[in-house]
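Where a number appears in this text, it was derived from the coordinates with a stated rule and is not lab data. Everything numeric in this text was worked out from a predicted model, so none of it was measured. Quick reminder, even Gly has a Cβ in these numbers, built from the backbone with ideal geometry, and neighbours come from all protein chains shown.
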Amino acid sequence: MSTFYMSLISSLSFTMALLALSVQYKHFLSILLSLEAATMSLFIMLFSTANNIAYNGQMALILITLGACEASLGLAILVTIIRSQGNDYVSSFSINKC
């Protein structure tokens, strides 16, 4: 596949992830999954555009590592919220409880 098509597909998937984020914001888990999809589509876009340049793959390894850390941090926050609140509904969160 050419770089143009990979960039087009990744920008379309980024748009779809943002659309899913704006439509399905009832549960915290759906918000985290939409953000993860946006992160992965940006990673694919960066990888496809940097493929034309002299690219040795170190940036891809760094971005995948940061993506895995972001996903594990999001799941840890989700578990903490479910243990303290009893559910993961976004509407049940309150600033007054902090």
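For segment 10-46, backbone nitrogen atoms closer than 20 Å to the point 7 Å from residue 60 Cα along Cα-to-C-beta are found at 10-14, 37-46.
Peptide packing for 15-22, 69-76 was compared via the average number of neighbouring C-beta atoms within 10 Å per residue; ordered from the highest value, the list is 15-22, 69-76.
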